[in-house]
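Below is one structure, written out as structure tokens; comments come after it.
The values are calculated or read from the model by the stated rules, or taken from the named source; none is laboratory data. All values derive from a computational prediction rather than experimental measurement. Here the Cβ positions follow ideal geometry from the backbone for every residue, glycine too, while neighbour counts run over all protein chains shown.
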Amino acid sequence: MSEVSPHKSVTEEPSLILPADPRASWLAHGEAIAAAIDRVRESGRYILGPEVEAFEREWAAYAGCGFCVGVANGTDALELALRAAGVGAGDVVLTAANTVTATIAAIDRVGATIALGDIDPANFTLSVPALTDWLQSADAPAVRAIVPVHLYGQPADMPALSALAREHGFLIVEDCAQAHGAQVGNRKAGEWGIAGAFSFYPTKNLGALGDGGAVVTNDPDLAARVRSLRQYGWRERYVAFEPGFNSRLDELQAAVLRVKLAALDEENARRAAIAARYRAELSGVENLTLPQEVAGSETVWHQFVVRHPDRAALQRHLEQQRVIAGVLYPEPVHEQPAYRERVLKPPAGLGEAERACRELLCLPVHPHLGDDDVSRVVGAVRSFGG
Ligand SMILES: *Cc1c(COP(=O)(O)O)cnc(C)c1O
């Protein structure tokens, strides 16, 4: 008689594969981060001290810009960059209809009118042909600035948008919150516009242990104005030259970010390796559209976004196999309650953004996934629908 051990008959559940894992990121750099935190704690300098200064220098150099100003978060970075560029009430600011509403909140807070452009379905960023059509039409809005969003780590078509900006005389402020290290040609995201806004939210490619953000620019006057706006409008201590805000990057977060920055290229390379496996091993899966890398530009794979006509069923199937795939973002801006009555839309509509929101699904691509995790995701996707 053979006896089966009750322990052996219990099948162990496979671990949950998460779309992002900020704790794994902390564990990967735990000792160095702990040392950085100790250093700040001992220093007695907690606000706008040597860590913020050093991080600003290091991030400016990394982003290929002359200046960097640390601020409290990515939304503030966009708002302060727009304000410092002189954008405000009465201006029209155009961005992509599929962005996260943080972009919209920043435009709204400067008092500008929000205009939305449709996207290129190949890379989920502003469609230059669609925007050109609108700007040339009889009812074109008088756009003062555009905010291209380098969504999912894929840069927007910056050479074409820059040409359009010159032709129509508008400014560009880049939303780089998902594009740390992405580039078009040999220029990084953030180097193309008059300013670039970064977020260091914990799940971003460069993430803090809390909130953080930065504005990068090559314009010394714009940098000085953001520096003033982030601290009560002071230009010298205690003397405000214009109404300002409190939007400072903490010393603690700056110290953590310096540790993480040293690993950013390596972590982006790991994301790219995972993406390469997905693209090779998921090619040919029926009804599944894989993300394309645009020639001449380098994505940093903040997300790996596939499209499927039955997105909800695929997402459920993956979840049953303990693979959590996210939907970033489920509704375009012009369909959300806060904004649907208050945004300018092109006469041709925003059909590509709407379709993308219905079909997209983000497969886990963070740098702390193991090769076996990636194999499990591949297997789970391939087993969908037979
Ligand atoms: C995260 C994000 C923001 C906002 O950053 P916060 O730091 O959360 O304020 C803005 N735009 C995009 C595209 C983002 O992904």
Among (1) farther than 18 Å from L350 by Cα; (2) touching a strand residue (DSSP E or B) at 6+ places or on another chain (Cβ under 6 Å); (3) of a type outside the set (V, I, T); (4) not in a loop (DSSP other than H, G, I, E, B), where does L116 come up short? (1)
Among (1) of a type outside the set (K, R); (2) under 21 Å from the mean Cα position of the chain (by Cα); (3) under 25 Å from Q336 (Cβ atoms), F67 falls short only on (3)
Selection count, region 268-283, where residues are touching a residue at least 40 places away in the same chain (Cβ under 8 Å), more than 14 Å from A179 (Cβ to Cβ) and either in contact with a Gly (Cβ under 9 Å, 6 or more places away or on another chain) or not basic (K, R) (or both): 5
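Which ones in region 151-160 are part of a helix (DSSP H, G or I) and more than 16 Å from the ligand (Cβ to nearest atom)?
P159, A160
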Under 7 Å between Cβ atoms, at least 6 apart or on separate chains: pull out the pairs that start in region 284-302 with a residue that is free of Cβ contacts under 8 Å to residues at least 40 places away in the same chain and end on any residue that is among the hydrophobic types (A, V, I, L, M, F, W, C) and in a loop (DSSP other than H, G, I, E, B). L290/L282
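Each row is one residue, and each column tells you yes or no for (1) under 27 Å from E51 (Cβ atoms); (2) in contact with a Phe, Trp or Tyr (Cβ under 9 Å, 6 or more places away or on another chain).
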residue: P148; (1), (2): no, yes
residue: L164; (1), (2): no, yes
residue: L171; (1), (2): no, no
residue: Q178; (1), (2): yes, yes
residue: R187; (1), (2): no, no
residue: W192; (1), (2): no, no
residue: K204; (1), (2): yes, yes
residue: L209; (1), (2): yes, yes
Options A182, A208, A195; residue that is out of contact with any Leu (no Cβ under 7 Å at 6 or more places or on another chain), small (G, A, S) and either in contact (Cβ under 8 Å) with a residue 12 or more places away in the chain or within 10 Å of the ligand (Cβ to nearest atom) (or both): A182
Count of residues meeting criterion [in contact with a helix residue (DSSP H, G or I) (Cβ under 8 Å, 6 or more places away or on another chain), among the small types (G, A, S) and more than 16 Å from the ligand (Cβ to nearest atom)] in region 131-150: 1
I'd like to check which helices (runs of 4 or more DSSP H) are fully inside region 26-104 and have at least 3 residues that are in contact (Cβ under 8 Å) with a residue 60 or more places away in the chain and closer than 22 Å to A224 by Cα. 50-63, 74-84
Please find, within region 88-102, the residue that is nearest to the chain's Cα centre (by Cα) out of those that are crowded, with 24+ Cβ neighbours inside 10 Å and either hydroxyl-bearing (S, T, Y) or more than 11 Å from the ligand (Cβ to nearest atom) (or both). T99
So A112 ticks every box in (1) surrounded by fewer than 16 Cβ atoms within 10 Å (Cβ to Cβ); (2) modelled with pLDDT of 95 or more but one. Which box is left unticked? (1)
In the set T125, T113, T75, T95, the lone residue that is touching a Ser or Thr at 6+ places or on another chain (Cβ under 7 Å), hydroxyl-bearing (S, T, Y) and closer than 27 Å to D219 by Cα is T95
Taking region 162-180 and the residues there that are part of a loop (DSSP other than H, G, I, E, B) and surrounded by fewer than 24 Cβ atoms within 10 Å (Cβ to Cβ), the one that is nearest to the chain's Cα centre (by Cα) would be F170
What's the number of the condition T217 fails, among (1) more than 16 Å from the ligand (Cβ to nearest atom); (2) without any contact (Cβ under 8 Å) to a residue 60 or more places away in the chain; (3) crowded, with 19+ Cβ neighbours inside 10 Å? (2)
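Residues in region 151-179 that are free of Cβ contacts under 8 Å to residues at least 12 places away in the same chain and within 21 Å of D118 (Cβ to Cβ): how many?
Filtering region 151-179 down to residues free of Cβ contacts under 8 Å to residues at least 12 places away in the same chain leaves 163, 166-167, 169.
Retained after the next criterion (residues that are within 21 Å of D118 (Cβ to Cβ)): 163, 167.
So the count comes out to 2.
Just need a number here: residues in region 291-301 that are surrounded by 15 or more Cβ atoms within 10 Å (Cβ to Cβ) and more than 19 Å from P367 (Cα to Cα).
2
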